[in-house]
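Comments concern the structure below.
The values are calculated or read from the model by the stated rules, or taken from the named source; none is laboratory data. The model shown is predicted, which means the values in this text are computed figures rather than measured ones. When we count neighbours, we look across all protein chains shown, and the Cβ atoms used for this are built from the backbone with ideal geometry, even at glycine.
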Amino acid sequence: MRIVVLGATGNVGTALLERLHRAPEATELVGVSRRGPDRAGAPYDGVEWHRMDIADAASAPRLTEVLRGADAVVDLVWVIRPNRDRAHLRAVNVDGNERVFRAAAAAGVPHLVYASSVGAYGPGPKDVRVDESHPTTGVPTSHYAAQKAEVETILDRVAAEHPRMLVSRLRPGLIFQSGAGPEIKDYFLGDLVPARLAARLRTPVLPFPTGLRFQALTAQDVAEAYWQVVAHRAGGAFNVAAEPVLDAHTMGTVLGARRILELPVAVFRAAAAVSYRARLQPTDPGWVDMAAAVPVMDTSALRRATDWRPRTDARDAVRLVLDHLDGREGLGNAGHRSHSPLE
């Protein structure tokens, strides 16, 4: 089986390559990324690499040729930095992903698997789990959520135009692995919190948004989900997350807090807005809006369609990244690291 992974040096892409190397059926692995890996060794060895910028319209003919002959294409393309450069984000996330979808169709790819997100969902309940029929309208004040929703609409259109191409989309919660700790710290905290302090963050009192509940899993568990969808040729949309759902109590346990101080979401949004405008940290308040609005997902559809089961507890997934926020190894592409808290 020839499998092409786009975005292959990122958080999920690295974990997926590791998983595919262990699958006897995956006989040919092809990686596509803008820079390619900047180091040798696992999981990058044994992969046929193609370096291209899919945000560039001129890449379309070459991209089609790279995808030609693939049994499955896993599209993990997405960027969230520089956060303030919305034109760049749109060029990669929206225009770039449409370019991938249309190149896959033009190349006659039989199975296209796209990395969507819980962020594609419109506002929903935190106390009742929703299935994949929940509206994918996004959260308008979050550029990430709005773009995830827009790309799903584009994928719907391409799938309708090419009914012979099996299309799958995964909607995972937050994705963590230890190697991505430095990138995650840079993406969302910048230099506001020193890396050593962030990695040892334990607090007796935990301020927490009232009513916030969210889901998470490891990059390894979501990589297993992608492989299971490819191996089973499972089409459609699939929610992906580990248990338990994370809330004030579970996060207090993770952080060793003796007391939880629940405050209105508006307080956290205001703090994010002020510090973002002051260029103290790179996370705009839309991320708070999305976290507060997206629903809690029911993941039973993926479990029914495949053999997928998460191996790591969601609390342990959070611990993995918290304990490695000050790491220096990162993933296999230094371009994933932020260079300025002003981004």
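Annotations for the structure displayed:
- In a residue-by-residue description of segment 85-94, the property of being in contact with a helix residue (DSSP H, G or I) (Cβ under 8 Å, 6 or more places away or on another chain), among the basic types (K, R) and in the same structural domain as R171 (by TED's automatic domain parsing) applies to at least one position.
- Qualifying residue in segment 115-125 (condition: part of a strand (DSSP E or B) and assigned by TED's automatic domain parsing to the domain that holds A149): yes
- Hey, V158 surrounded by fewer than 22 Cβ atoms within 10 Å (Cβ to Cβ) and either assigned to a strand (DSSP E or B) or in contact (Cβ under 8 Å) with a residue 12 or more places away in the chain (or both) or not: yes
- Candidate set from segment 2-37 (those that are in a strand (DSSP E or B) and of a type in the set (G, A, S)); member that is modelled with the highest pLDDT: G31
- Long-range neighbours under 8 Å by Cβ, at least six apart or interchain, first residue on the phi > 0 side of the Ramachandran plot within segment 93-115, second of a type outside the set (A, V, I, L, M, F, W, C) and surrounded by fewer than 24 Cβ atoms within 10 Å (Cβ to Cβ): G108/R68
- Listed by position, the strands (runs of 3 or more DSSP E) enclosed by segment 208-276 that each have at least 1 residues that are within 30 Å of T306 (Cβ to Cβ) are 216-218, 236-240.
- Neighbours by Cβ (under 7 Å, 6+ apart or cross-chain): first from segment 34-46, closer than 12 Å to E18 by Cβ; second of a type in the set (S, T, Y) and crowded, with 19+ Cβ neighbours inside 10 Å: P43/T14
- Only residues that are surrounded by 16 or more Cβ atoms within 10 Å (Cβ to Cβ), within 21 Å of the chain's Cα centre (by Cα) and assigned to a loop (DSSP other than H, G, I, E, B) were counted across segment 38-81, and they come to 11.
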